[in-house]
Structure formats: C-alpha cells, structure tokens
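One structure is given here, and the rest of the page talks about it.
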Amino acid sequence: KAQAMNYHTDTYGFDVVRMKMNNFGNSRPVKSGCLYCNIVVKNNRTGFSFLMKHIIHWAWAGEWLYFGPSVTAAIINSEFKTGDQFVMTTSDITRDDMFTHGGSALS
C-alpha cells in the first residue's frame with residue numbers, strides 16, 4: 001500500500017510516497033536514491049504505468065521504497081494489488097528490475 005509521506009513532501013518540495021517492498025534480494029538498507037531519475041514503473045497484470053520521478057531511498061530499513069511519483073498514492077493503490085510486480089525501466093537501465101509489491105506489514 002502506497003502511503004503519502006508528509007514530512008518528506010515538505011522537505012523535498014514534491015510529493016513523496018513510500019511502499020513496503022518484498023523480494024529486494026537482500027535485507028540491507030539502501031538509503032541512497034536518485035533525483036530526476038525518471039523511472040517508468042509498469043504493472044504487467046493491468047498494463048498501468050506511471051513515472052517515478054525521484055527515488056529518495058531505494059530500501060529504507062531494508063524494505064521501504066520512498067519515491068516521488070507522477071500520480072497520487074491513491075491511484076497507485078488502485079492500480080497495484082498485493083503480489084503485483086513493479087517492472088522498472090529507464091533509458092539508463094538495459095534490463096528490467098522487478099520488485100514484488102507487498103503491504104501486509106503496513107498499518
């Protein structure tokens with residue numbers, strides 16, 4: 001489930017959401033990110049896609065993806081269900097990076 005992160009939105013000056021991700025391949029934190037990385041995220045099940053304009057943290061606490069999307073958290077939640085995959089691509093990435101969207105631990 002995508003959650004709006006008001007503190008980060010205020011800090012960075014653009015909308016920031018977070019999602020709990022499963023199957024990152026490791027559980028170590030990756031606090032780095034990329035501004036203006038413009039990653040296209042697609043749900044192969046539905047065909048829906050959106051632009052992930054910024055990544056604040058790839059894996060905060062080893063599982064939380066913080067990012068600045070081109071759509072609202074509500075739209076992401078309506079288009080991605082538990083178990084769906086984020087298929088992420090940019091012109092700078094030559095292979096698809098796939099992460100499974102979870103949410104069972106969210107309150």
Enter the accessible area of LYS42 (Å², nearest 10), with the probe set to 1.4 Å and all protein chains included. 90 Å²
Over segment 36-85, the quotient of the Cα radius of gyration and 2.2 N^0.38 Å is 1.13
Going 7 Å from the Cα of ASN38 along its beta-carbon direction, which residues of segment 58-93 have the amide nitrogen within less than 18 Å of the resulting point? 68-71, 88-93
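The values are calculated or read from the model by the stated rules, or taken from the named source; none is laboratory data. The structure presented is a predicted model; accordingly, all values stated were derived computationally and were not measured. We place every Cβ from the backbone using ideal geometry, glycine too, and count neighbours over all the protein chains shown. Each accessible area value is taken on the protein alone, full model and side chains, heavy atoms only, with ligands, DNA and RNA left out. Shrake-Rupley method; radii C 1.70, N 1.55, O 1.52, S 1.80 Å.
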